Amino acid sequence: MVRWFDSDIVAAGRLPLFCFLIGFVVAFVFIRISVRLIRAKVRWWPGNITPGGLHVHHMVFGVVTMVISGGALIAVYEDGSSATGALLATLFGIGAALTLDEFALIFYLTDVYWDEEGRVSVDAVFVAIAVTGLLLMGLRPLDLTDAADVGGGEWVGRIVLGVSVLVNLGLAGIVLAKGKIWTGLVGLFVVPLLWVGAIRLSRPGAPWARWRYQHKPRKMMRALVRERRYRRPLIRAKIFVQDLVAGSPTLDAVRDSVHHSRIATEAELDRRVHPAPAISTRRGSSGTLDGLPPSGTHT
């Protein structure tokens, strides 16, 4: 373990990124435990910060921490020591965790922390952890072997590299248009996944299905059947983990989380698994997608 840390983290120059991830995860776990204790009204745990009756969200402390630590990182970029960089990266990770934990508040512009819409914050945190983990493993978005080694000179290598990047970006666009967000995200680091996602069937509610499957009912039906079959266990697992992390909208016990995940899974499937709506050609009509989550209220 020590040898791996020295060779793959310190020697590879990834110590600040490692410290960022540690600070991010520790801060996220701490703040989730804190809000759960506050919600349970535990007497010995400090409550919300409410000077003058105004609830100061922890997102505010996160933004301030990111601004200070990020500015300091820029200031010491040229002559700062590795220890200084690691410390500031840790503080930046803490600030990022406090901010993304209330990402739903930023997105919906209303306090939906304990509502269904508040699960967007957990999704944002998971995405941040996944991307940081891939970077820490040494992967880079659309990272290719040095194209200059392909042969034919430096310019040929640059052209090959440019074409490869454009092709992969195009594949990423197709995958995202098919509604496969995680495949597109991870595929930026593991390029073969982009080819798999681009070839396979689109999700039925995605823009690609709206553009390509409207006059192909058999393909649309295959997409619907596949979506319900393969998405059900994934959605159930996601909701169960979200309940454990964020707290069930009503109850916190593990047994109740299992029950809630089953009910919420079928409700989410009924709400989201449907054919993509056709774009109306009538003058004055808009081709917007339905199923957008409503704004919630804090309870």
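The values are calculated or read from the model by the stated rules, or taken from the named source; none is laboratory data. Note that this is a predicted model, so its numbers are computed, not measured. Neighbour counts run over all protein chains shown; Cβ positions are idealised from the backbone, glycine included.
Output the helices (runs of 4 or more DSSP H) that fall wholly within region 28-134 and possess 1 or more residues being out of contact with any Gly (no Cβ under 6 Å at 6 or more places or on another chain) and at pLDDT 95 or above, or say none.
Filter on region 28-134 gives 58-75, 82-100.
Which count do you get for residues in region 180-202 that are touching a helix residue (DSSP H, G or I) at 6+ places or on another chain (Cβ under 7 Å) and either crowded, with 21+ Cβ neighbours inside 10 Å or over 24 Å from Leu269 (Cβ atoms) (or both)?
12
What pairs can you find where one residue is in region 117-132 and on the phi > 0 side of the Ramachandran plot, the other is outside any helix (DSSP H, G or I) and among the basic types (Lys, Arg), and their Cβ atoms are less than 7 Å apart, with a gap of 6+ or different chains?
Pairs found: none.
Being under 28 Å from the mean Cα position of the chain (by Cα) and hydrophobic (A, V, I, L, M, F, W, C) is the filter here, so list the residues in region 28-48 that pass it.
Phe28, Val29, Phe30, Ile31, Ile33, Val35, Leu37, Ile38, Ala40
Considering only helices (runs of 4 or more DSSP H) fully contained in region 163-272, which possess at least 3 residues that are farther than 18 Å from Val120 by Cβ and either assigned by TED's automatic domain parsing to the domain that holds Val131 or at pLDDT 75 or above (or both)? Explain how you work it out, then say what you get.
Values: elements: 181-187, 192-199, 207-212, 217-246, 254-272.
Per the criteria, 181-187, 192-199, 207-212, 217-246.
Suppose we filter Val122, Val112 for residues that are in contact with a Leu (Cβ under 8 Å, 6 or more places away or on another chain), surrounded by 19 or more Cβ atoms within 10 Å (Cβ to Cβ) and farther than 15 Å from Phe20 by Cβ; which single one remains?
That would be Val112, the only listed residue that is in contact with a Leu (Cβ under 8 Å, 6 or more places away or on another chain), surrounded by 19 or more Cβ atoms within 10 Å (Cβ to Cβ) and farther than 15 Å from Phe20 by Cβ.
Give the residue that is farthest from Asp115 (Cα to Cα), with candidates limited to residues of region 11-34 that are out of contact with any helix residue (DSSP H, G or I) (no Cβ under 8 Å at 6 or more places or on another chain) and hydrophobic (A, V, I, L, M, F, W, C).
Ranking the candidates gives Ala11 first.
Exactly one condition in (1) over 22 Å from Leu73 (Cα atoms); (2) modelled with pLDDT of 85 or more is not met by Arg3; state its number.
(2)
When only residues in region 53-91 that are free of Cβ contacts under 8 Å to residues at least 12 places away in the same chain and within 20 Å of Thr110 (Cα to Cα) count, which is surrounded by the fewest Cβ atoms within 10 Å (Cβ to Cβ)?
Checked region 53-91; the qualifying residue surrounded by the fewest Cβ atoms within 10 Å (Cβ to Cβ) is Gly53.
Only one of Val29, Val35, Val56, Val60 is assigned by TED's automatic domain parsing to the domain that holds Leu98, touching a His at 6+ places or on another chain (Cβ under 9 Å) and under 16 Å from Glu102 (Cβ atoms). Can you tell me which?
Among Val29, Val35, Val56, Val60, only Val35 is assigned by TED's automatic domain parsing to the domain that holds Leu98, touching a His at 6+ places or on another chain (Cβ under 9 Å) and under 16 Å from Glu102 (Cβ atoms).
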